[in-house]
Amino acid sequence: MADIIQLLPDHVANQIAAGEVVQRPASVVKELLENAIDAGATTIKLIIKDAGKTLVQVIDNGKGMSVTDARLSFERHATSKIRTADDLFLLNTKGFRGEALASIAAIAHVELKTKQENEDVGTCIEIEGSTVNSQEVVVTPKGTSISVKNLFYNIPARRNFLKSNTVETRHIVDEFHRVALAHPNIGFVMFHNGSETFNLPDSNYRQRIVNIFGTKTNEKLVPVDEDTEVLKISGFVGKPEFAKKTRGEQFFFVNDRFIKSAYLNHAIGSAFEGLLKDGAHASYFLNLTVNPQTIDINIHPTKTEIKFDDEHTLYAILRSAVKHSLGQFNIAPVLDFDRDANLDTPYSYQQKGEPSVEIDRSFNPFREEKQSSNSGTVSNSSYKKTPSSNWESLYVGLESKGTQTQQDFSEVQFESATKNESIFDNDNQVEKKQSTYQFHNKYIVSTIKSGMLLIDQHRAHQRVLYEDFLKNMTIKEAMSQQLLFPLQLHFSPQEINIINQLKTDLEHTGFIFQTIKEELVEISGVPVSVPESEVSIILEQLINDVENEVPDSNFSPTDLLAKSLAKSLAIKTGQSLTIMEQEHLVNSLFACKEPNVSPTNRTTFVTMTVDELDKKFV
Ligand code: ADP
Ligand code: MG
């Protein structure tokens with residue numbers, strides 16, 4: 001039989017390799033920015049069009065390339081950064097594989113302009129799908145400019161696989177942040193579709209963080225510094241009281257390279273133990289410096305994971321350094337006076353427009369208990385066991401008189417107190433026949449004609465709220481609750497961008513925005529169902545959802561917003577409900593258009609017929 005094995009032509013091999021290196025426009029951004037840094041640039045400009053789908057361009061003032069190097073840089077395994085395999089363990093550069101430019105040139109239209117300092121003219125190369133179309137002499141400033149146009153133009157499947165512009169931009173901005181945070185001494189500018197989105201002058205680390213994440217960040221940062229034989233740590237952690245529900249600002253850099261490490265992340269988490277509210281994540285910006293010989297960067301093609309020789313020691317040092325900083329900067333005592341927003345009186349129980357609002361605002365049924373159990377130090381339990389404040393949103397759409405709701409509220413106070421008191425609590429319901437029963441603070445059991453109904457309270461409530469929000473958004477008639485004092489919330493410029501996009505829909509749910517400007521949002525009204533204390537968490541969650549949205553054919557911002565709000569506001573698993581609340585939930589669920597699934601398509605209830613039950617008793 002004839003031989004059948006052939007060597008793949010270079011352009012095919014490059015395309016295959018490109019699949020590993022270039023997943024999306026953000027991968028191109030990362031590779032080009034890293035090359036610019038390796039070239040010793042002091043200012044780097046990133047230009048993006050259409051979330052990088054049309055153009056990614058990086059212009060640097062680094063050392064540039066000679067004519068031959070310019071041509072060679074597009075060859076696979078062409079690198080100036082290592083010579084032998086041993087060099088892999090002494091890396092001081094970002095790149096070393098010599099694959100990035102070859103891969104990118106295989107799947108896009110690339111134009112390179114480069115000039116070295118002591119030359120009069122530079123080189124311009126145009127290359128398309130690994131084919132060099134032209135190579136010319138050009139007049140160009142010192143440094144290198146690489147434009148990557150029409151990424152994946154020759155691999156339609158990959159191009160179609162790209163996500164919406166919002167998502168792809170998010171990935172690009174993430175990469176940009178990572179590189180910019182690792183190199184505060186380099187100036188960065190980013191333009192997207194013609195407008196400047198970031199301008200980061202060279203600065204110190206704290207200023208760099210503040211320039212990226214907004215002026216408000218400054219007061220949140222606690223410095224961490226540690227110098228041991230095996231590990232040097234510098235950077236900041238966020239104060240616990242500013243911790244967010246979403247894992248946003250978590251950055252580890254090892255020898256100036258952004259890495260992901262669940263293990264080291266855990267070390268930080270354990271240093272914060274007892275200081276964070278449930279579900280909150282600490283933010284951190286930490287630079288670790290280790291001997292390059294003790295790490296292996298080579299295990300991941302895009303190099304965000306690395307292997308450490310002695311992870312356990314790093315874990316211990318990191319944990320104790322962070323703990324030490326939190327202690328030194330008196331973080332723990334501050335927390336004692338930090339009210340837990342969840343314990344505040346829910347806004348919807350304040351009587352609208354009456355002076356009593358102010359008195360109610362500070363009323364906190366759990367305060368006494370909290371202080372006495374908690375004098376001086378922070379105890380875990382006082383932060384872990386907070387009843388969620390969402391129970392009142394059960395009454396969304398329920399025409400309730402002030403007196404009635406006041407009474408419900410008193411029930412809830414009892415419920416969260418001791419068992420004995422909750423017996424009294426039921427006294428005023430004794431007359432009424434009980435038709436529901438709450439089970440494990442998770443399910444509501446009810447009877448139906450044919451048998452028994454088991455409802456998942458969290459999912460069911462999501463469904464109820466979701467349909468409610470959708471309705472409000474489409475008929476544009478949501479009720480707003482005016483706030484006595486406008487709420488001021490701080491966001492990063494990107495987050496402001498998303499809020500602007502969603503503004504109209506948010507207004508249809510009942511939000512009233514007084515101002516939205518750079519880094520600041522002032523809200524003067526919120527939907528009736530939203531307690532004031534929850535607004536910032538809800539918006540934060542919403543922004544996170546939009547950023548991570550997986551666009552499918554039926555994606556719409558209205559739908560996403562309704563889902564996100566429903567998710568944030570729905571009664572949580574573990575929350576105990578009064579009988580009235582249970583009944584109201586059951587009734588509202590079955591008044592929904594699609595009661596049997598949650599907004600994310602999960603089962604909301606199951607039934608068991610008498611027959612089925614009988615069979616179990618044979
Ligand atoms: P690697 O960075 O792994 O070496 P690349 O494909 O990214 O591989 O780049 C190949 C080579 O091209 C680099 O080693 C470097 O010599 C050269 N090069 C790439 N970008 C630049 C730049 N912006 N300035 C100067 N030289 C560059
Ligand atoms: Mg490179």
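The values are calculated or read from the model by the stated rules, or taken from the named source; none is laboratory data. Here the structure is a predicted model, which is why all the values come from computation and not from measurement. Here Cβ is always computed from backbone atoms with ideal geometry, including for glycine, and neighbour counts include all displayed protein chains. SASA here: full protein model, heavy atoms, side chains in, ligands and nucleic acids out. Shrake-Rupley method; radii C 1.70, N 1.55, O 1.52, S 1.80 Å.
Is at least one residue of the stretch 459-481 open to solvent by less than 60 Å² (accessible area, probe 1.4 Å), touching a residue at least 12 places away in the same chain (Cβ under 8 Å) and in a strand (DSSP E or B)? The answer is yes, given that some residue of the stretch 459-481 is open to solvent by less than 60 Å² (accessible area, probe 1.4 Å), touching a residue at least 12 places away in the same chain (Cβ under 8 Å) and in a strand (DSSP E or B). So which residues in the stretch 242-258 are outside any loop (DSSP other than H, G, I, E, B) and among the hydrophobic types (A, V, I, L, M, F, W, C), if there are any at all? Residues satisfying the conditions are Phe242, Phe251, Phe252, Phe253, Val254, Phe258. Of the helices (runs of 4 or more DSSP H) lying entirely inside the stretch 513-618, the ones with 2 or more residues being in the same structural domain as Met452 (by TED's automatic domain parsing) and over 18 Å from Tyr437 (Cα atoms) are found at 535-547, 557-569. Looking at Lys53, Lys63, just one residue is more than 9 Å from ligand 1 (Cβ to nearest atom), farther than 15 Å from Phe188 by Cβ, basic (Lys, Arg) and modelled with pLDDT of 90 or more, and that residue is Lys53. With respect to the stated conditions, Ala70 fails to be away from ligand 2 (no atom under 13 Å from the Cβ), within 37 Å of the chain's Cα centre (by Cα) and either buried (at least 17 other Cβ atoms within 10 Å of the Cβ) or of a type in the set (Phe, Trp, Tyr) (or both).
Residues are listed down the side, and each one gets a yes or a no for (1) buried (at least 18 other Cβ atoms within 10 Å of the Cβ); (2) among the charged types (D, E, K, R); (3) assigned to a helix (DSSP H, G or I); (4) modelled with pLDDT under 90:
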{"position": "Tyr263", "(1), (2), (3), (4)": "no, no, yes, yes"}
{"position": "Gly274", "(1), (2), (3), (4)": "no, no, no, yes"}
{"position": "Asp278", "(1), (2), (3), (4)": "no, yes, no, yes"}
{"position": "Phe285", "(1), (2), (3), (4)": "yes, no, no, no"}
{"position": "Gln293", "(1), (2), (3), (4)": "no, no, yes, yes"}
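For the stretch 487-523, a residue qualifies if it is in contact (Cβ under 8 Å) with a residue 40 or more places away in the chain and under 17 Å from Thr217 (Cα atoms), and the qualifying residues are Leu489, His490, Phe491, Ser492, Pro493, Gln494, Glu495, Glu519. Residues that are touching a Leu at 6+ places or on another chain (Cβ under 6 Å) and closer than 13 Å to Gln15 by Cα within the stretch 104-162 comprise just one, Ala108. Glu168 falls short on exactly one of the conditions (1) within 16 Å of ligand 2 (Cβ to nearest atom); (2) among the charged types (D, E, K, R); (3) in contact with a helix residue (DSSP H, G or I) (Cβ under 6 Å, 6 or more places away or on another chain), and that condition is (1).
With respect to (1) crowded, with 16+ Cβ neighbours inside 10 Å; (2) of a type outside the set (Phe, Trp, Tyr); (3) within 14 Å of ligand 1 (Cβ to nearest atom), the lone exception for His109 is condition (3). Summed over the stretch 12-63, residues that are farther than 17 Å from Glu175 by Cβ, out of contact with any helix residue (DSSP H, G or I) (no Cβ under 6 Å at 6 or more places or on another chain) and more than 15 Å from ligand 2 (Cβ to nearest atom) total 8. Scanning the stretch 176-191 for residues that are within 22 Å of the chain's Cα centre (by Cα) and open to solvent by 30 Å² or more (accessible area, probe 1.4 Å) gives a single hit, Arg178. For the stretch 87-94, the criterion of a residue being within 16 Å of ligand 1 (Cβ to nearest atom), over 23 Å from the mean Cα position of the chain (by Cα) and without any contact (Cβ under 8 Å) to a residue 24 or more places away in the chain is satisfied by at least one position.
Taking (1) open to solvent by less than 60 Å² (accessible area, probe 1.4 Å); (2) among the polar types (S, T, N, Q); (3) more than 10 Å from ligand 1 (Cβ to nearest atom) in turn, Gln116 satisfies each apart from (3). Give the stretch 208-233 a look and list any residue that's basic (Lys, Arg) and open to solvent by 50 Å² or more (accessible area, probe 1.4 Å), or say none. Of everything in the stretch 208-233, those that are basic (Lys, Arg) and open to solvent by 50 Å² or more (accessible area, probe 1.4 Å) turn out to be Lys216, Lys220, Lys232.
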